[in-house]
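Values in this text are rule-based calculations from the coordinates and carry no lab data. On a predicted model such as this, the values are computed, not experimentally measured, just so you know. Every residue, glycine among them, receives a Cβ derived from its backbone with ideal geometry; neighbour counts consider all protein chains shown.
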Amino acid sequence: MGERLDHVRSYYHALNTGDPDLVAAHFTDDAVHYYTRLSPHRGARTIGEHTKWAVETLAGQWQVANGIEEGDQACIEWSMTWRDPETGEHRLDRGSEWFLFRDGKIAEVRAYFHGGKRNRSGDLIEFDHAGRGHTVL
């Protein structure tokens, strides 16, 4: 594993704590976290605060399934377990994130997340998630 992926894994460990300062420490002050399902979070502090909200409100927990890096970029597959605040149902979502680094910190995240109603979890159809070591419910 390389330096960039080590940093991403450290960031994911911080995510699971819900500690906004610990999360923010992984980012440049002017970092931007882009999403396919909501507006971007701009700034390390904003990114950290959103994480706190997700852990406290949704019981969000994130896992890295796979990753690669090259130069100043890294890319991972991830999963997130969470609880629907309205129904209490346990859920699992999957996605991919591209990270751009500057001065040893994350400057940009481009998060690709599946949210379609026909396949709520974003599981790959006919892919053996459990057999390949991915998180499952």
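General observations
- Residue under evaluation G95, criteria (1) surrounded by fewer than 16 Cβ atoms within 10 Å (Cβ to Cβ); (2) farther than 17 Å from R4 by Cα, criterion not met: (1)
- 3 or more residues more than 12 Å from the chain's Cα centre (by Cα) and farther than 14 Å from V8 by Cβ: qualifying strands (runs of 3 or more DSSP E) within the range 26-118: 27-35, 90-102
- Condition met for W82 (on the phi < 0 side of the Ramachandran plot, surrounded by 18 or more Cβ atoms within 10 Å (Cβ to Cβ) and touching a residue at least 60 places away in the same chain (Cβ under 8 Å)): no
Residues checked against (1) touching a helix residue (DSSP H, G or I) at 6+ places or on another chain (Cβ under 9 Å); (2) farther than 20 Å from I76 by Cα; (3) among the aromatic types (F, W, Y):
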{"site": "R9", "(1), (2), (3)": "no, no, no"}
{"site": "Y12", "(1), (2), (3)": "no, no, yes"}
{"site": "V23", "(1), (2), (3)": "yes, no, no"}
{"site": "T51", "(1), (2), (3)": "yes, no, no"}
{"site": "Q63", "(1), (2), (3)": "yes, no, no"}
